[in-house]
Every structure is written in structure tokens, then in C-alpha cells.
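The values are calculated or read from the model by the stated rules, or taken from the named source; none is laboratory data. Please read all numbers here as calculations on a predicted model, not as lab measurements. Backbone-built Cβ (ideal geometry, glycine too); neighbour counts: all protein chains shown.
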Amino acid sequence: MLEKFSFIAENKDVTLQLKKELKKALPQIFSIPYASLNINTDDPETEIYINSNYAGKGSVYFPYLIPQNYVITLKKDGFEEKTVNLRPQDFEDKTINIKLDKEVEMQTVYFHIEPLGTQVFLNSIYQGTTPFKKALPKGRYIMTVKHKLYQNFRYVFNIEHIISQDLNILFHLQTRNLEKEHKRKKWLYYASFWNFTFSLTATVPIVVIAYRNFYRSSALFSSDSVSSEINTQTYYNLYLSSYVLAFVFGAYTVLSMGWLFFALARYLLSMEKKDFIPILDFYKKQDGEELLTIGMSVNLPQRKEQTKP
């Protein structure tokens, strides 16, 4: 017998008492040292990481840990990170109370990127869709913005000083050239149209033949024109094949019709999106001369010099 233990407890305390007794018995049973660690921050929003691995929020408890060096990191928006190094001893039940107490100065940044609804990522972390405000600490940020109808854009900015006013990031994304996408959806629509035409052309005569055979089969099998059993089986297989072909081509026609309407809807939607073709390319002549003027153009008449007689 490796270890023997017993205890007395009420029903509601059995599990807790069993854990306590097992902690005493496990070292003798397995001869493996372990430790217990309880981390308490007194803040349900504080994130706890152990060796860079997320453990939980507020407080976490590790009943069995290998006694070795651990790095405990606390994180919370608006506060500086706090790192604690510790090494629990063999069979130690350790409890540490730590909290974040140094607030970080935050700069309010207003993101107004048109078109509205553009997705914004800061350092590869999704932040939201424009327009919105975000409080950020000092540092360097790589902003990536994405929209399905516009070109992706990257912008790097630094927050070196905290000011009371909002830091505004305002710009408009450059539109994408959707001409290739429009052509591709147009050809898909044409393909679905001719596919539906072929299915309908092939299905109609097959259904008519199957419908005609349905009424002829009973009269044919009951008449004396089919004398042998072999001929009867042959005609039966022929009629059955026509029924199967009619069902298959009917289902094929229904699916082709669904593809046709789907391709047509996508094609019409792409025609609406053609308005998003880059506006500066739209306002150009054949020779490349721009017809769109951003700003104001003023032509002043020149004064003609009078010639002396």
C-alpha cells in the first residue's frame, strides 16, 4: 500500500476536503513535486498571462504546477503592464496579490475614413468600422484600412505627445477598378443563360416522350401485339429509361434556372458597382487630358497694348 488516508466531511464539503487530502497524499504516491498558485488582482477586467499565455481575468488558480520560474504579466487598457517573476517551491500553496496601479496617458484619436463602414486595423488588430473614436497610448501604430470596393491602404503614425484635443485621421480611399470583375460576371451570366437554354431544349422533348409513353404503356402491355416476355421486358426498360431521363433533365433544368437567376443578380449588381470606377479615369479624354478640375480655374483677360500712330 502506497498511501492510506481518511477524513470526515459533510456532503457539501466532500470535494474540497478530498482535494486537500489528495494534495498531501500525491507526493507519496507519485513522488513528483508540484506547487499550487493563486493569482488575485481584485479587478475583473485585468488580463493575466503566465509565460505569455493567457490565463484569465481577475483571478486565476493553478492547483498543480511544476516548480520552476514563471513570468506573470498583467494587462489592461489604460494601464502600464506589470510583470512579476516568481518560482514556487516544492509542494507550496502560494498566493500573490498584485494589481495595476500606474495609469497611462491616453490620446483620443478620431478615425473618419470614407467611405463610412471601412474596417480599421491597428498593428494587425481589428478596431472597428469608421467613424469611431479610440483612446490610444503613446507609441507607433501601423494602420491598415480595408473596404471591398476600394483599395486597401496602410498608414503609419506616431503618438509622441498627449494633447487635450482629438487627433483626427481623415482621408478618402481610392476606388478600385472593377472593370475586370464586371466582365467576368457578364460572361458567367452568358454561360448560365446558354446552359439554361440547352437544358430547356433537351428537357421538353424528353418530358413529352415520357408523358406519351406513360399512357401508351398500359395499352401496349395488355394487347396481344407483344407476345413474348422478352419483348415485354424490353419495352418496359425502354419506357423506364425515358422516365428516368425526364426526371434527370427536369432536375437539371431547375438547377440551371437557379444558376441563371443567381448569375443575373450578380451581373446587375456589378453593373451598379461600375459607378465606383476611379473617378479620375472617368473624367479623362482619349489623349489623357483631364476634364475634372479640383479647385478653381480663373482666366484673366490680357490687356492689349495700344500702338502709337
Quiz item: Mind checking which residues of region 80-104 are within 20 Å of residue 161 (Cβ to Cβ) and in contact with a strand residue (DSSP E or B) (Cβ under 7 Å, 6 or more places away or on another chain)?
Solution: 102, 103, 104
Practice problem: Please work out which residue is surrounded by the fewest Cβ atoms within 10 Å (Cβ to Cβ), limiting yourself to region 187-209 and to residues that are of a type in the set (Ser, Thr, Tyr) and under 34 Å from the mean Cα position of the chain (by Cα). | Solution: 190
Practice problem: Working only within region 158-195, note down all residues that are among the hydrophobic types (A, V, I, L, M, F, W, C) and out of contact with any helix residue (DSSP H, G or I) (no Cβ under 7 Å at 6 or more places or on another chain). | Solution: 159, 162, 163, 167, 169, 170, 171, 173, 187, 191, 194
Quiz item: List, please: which pairs have Cβ atoms under 7 Å, are six or more places apart or on different chains, and start with a residue in region 234-253 that is free of Cβ contacts under 8 Å to residues at least 40 places away in the same chain and end with one that is not in a helix (DSSP H, G or I)?
Solution: 235/226
Exercise. Determine, yes or no, whether residue 155 is touching a residue at least 12 places away in the same chain (Cβ under 8 Å), in contact with a strand residue (DSSP E or B) (Cβ under 7 Å, 6 or more places away or on another chain) and over 30 Å from residue 181 (Cα atoms).
Key: no
Exercise. Scan region 161-198 for residues that are polar (S, T, N, Q) and either farther than 25 Å from residue 129 by Cβ or modelled with pLDDT of 85 or more (or both) and jot them down.
Key: 164, 165, 168, 192, 195, 197
